[in-house]
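Novice: Structure incoming, see below.
Values in this text are rule-based calculations from the coordinates and carry no lab data. Just so it is clear, the model here is predicted, and its values are computed rather than measured. Glycine gets a Cβ as well: all are built from the backbone with ideal geometry, and neighbour counts include every protein chain shown.
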Amino acid sequence: MFTFETSDQKEVRRFRIAQFNGRTATVRSAGSTVTGHVRSIVENKSSVPAAWIITIIPEEPRPMLALRPALRARSFMEDFR
């Protein structure tokens, strides 16, 4: 689990929406990036200004799917030659 504290209300709102919708969220902290599901958002009542403690359960990165080769599109004029 990855836990961090933030006082950015926009960031907290983004994490609440991700938690509610069951989507993954991405956090960049100290040069590293963590992507996963938001487990909890708890307000730290003893801090001024308001701060929240967010817990994320990291998720394994998805493997890249092999893309299909590009299909050659025929031009309109090729049909009349």
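Novice: Let a ≥ b ≥ c be the square roots of the eigenvalues of the Cα gyration tensor of region 1-51; is it rounded (a/c under 1.5), or, if not, prolate (a/b larger than b/c) or oblate? Could you put the intermediate results ahead of the total?
Specialist: Numbers: a/c = 1.94, a/b = 1.30, b/c = 1.49.
It comes out oblate by the Cα gyration axes.
Novice: Note down the net charge around His37, summing +1 for each Lys or Arg and -1 for each Asp or Glu among other residues with Cβ under 11 Å from its Cβ. Walk me through the numbers on the way to the answer.
Specialist: Working: positive: Arg23, Arg39; negative: Glu59.
Neighbour charge sum, excluding His37 itself: +1.
Novice: His37 versus Thr3, label points 7 Å from Cα toward the beta carbon: distance in nm?
Specialist: 2.0 nm
Novice: How about region 1-49: which trypsin sites (Lys or Arg not before Pro) there lie in a loop by DSSP and see at most 15 other Cβ atoms within 10 Å? Display every interim value, and only then the final one.
Specialist: Working: sites: Lys10, Arg13, Arg14, Arg16, Arg23, Arg28, Arg39, Lys45; in loops: Arg23, Lys45.
The qualifying sites are Arg23, Lys45.
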